[in-house]
Structures are given as structure tokens and as C-alpha cells.
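For reference, the structure discussed in these notes is given below.
The values are calculated or read from the model by the stated rules, or taken from the named source; none is laboratory data. The structure presented is a predicted model; accordingly, all values stated were derived computationally and were not measured. Counting neighbours? That spans all protein chains shown, and the Cβs are built from the backbone with ideal geometry, glycine included.
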Amino acid sequence: MPIKTTRFDAAEYLDTIEAQAEYLAAAFETGDEAYIKNAMATVARARGMTEIAKAADVTRQALYKGLSEAGDPKLSTVLGVMKALGMKVTVEAGV
């Protein structure tokens with residue numbers, strides 16, 4: 001008998017702002033654009049894409065498109081989403 005599996009969605013487990021912040025911080029530390037976009041999309045889904053889009057002053061469709069695998073979000077979108085999530089991007093000198 002085959003094993004039944006379900007698709008894993010990290011958004012279901014990111015249920016606190018602290019967990020979401022750690023997830024995003026880890027993504028930003030990699031410097032990997034695709035990973036960062038995916039992490040932002042995952043946290044936005046965890047919070048509710050419609051609410052985040054409204055707070056970021058973009059349409060829900062534009063948010064999905066910008067944070068998709070093929071998307072290339074504008075800096076204003078990235079900053080707007082981070083603000084809508086109640087988070088900020090910080091910069092420190094690299095080693």
C-alpha cells in the first residue's frame with residue numbers, strides 16, 4: 001500500500017512574529033534572491049496575502065506576481081511588504 005503524503009507548507013508553522021522574523025532573517029543572511037522572495041511570500045501567506053497587500057499598498061495579484069519564482073519585485077514592494085509585516089531591514093558591515 002502506497003504511503004499518502006501531503007504537501008508541506010512552512011506558512012502553516014510560522015504562527016508567531018518571532019518565528020516569521022527568524023525565517024526572514026535567515027533568508028536575508030543567505031543573500032539568495034530566490035530564497036528571500038520565497039521566504040517573504042511564505043510569511044505573507046502565513047499572515048494573509050490580502051491583508052499584507054493592502055498594507056503594502058499593492059494589489060494582491062501584484063504581490064503574488066512580484067514574490068513568485070519568476071517575479072522581480074521593486075524595492076518599494078519589498079520595503080512595503082516588510083513594513084506591512086511589522087519588520088524592518090537592517091544593514092551591518094560584512095566580515
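A few comments on the model shown:
- When restricted to residues that are closer than 20 Å to ALA84 by Cβ and surrounded by fewer than 17 Cβ atoms within 10 Å (Cβ to Cβ), segment 13-25 contains 8.
- Subset of segment 33-65 that is touching a Ser or Thr at 6+ places or on another chain (Cβ under 8 Å) and buried (at least 21 other Cβ atoms within 10 Å of the Cβ) - its residue that is farthest from ALA19 (Cα to Cα): VAL58
- Residue check, SER68 closer than 26 Å to VAL91 by Cα, hydroxyl-bearing (Ser, Thr, Tyr), modelled with pLDDT under 95 and not in a helix (DSSP H, G or I): yes
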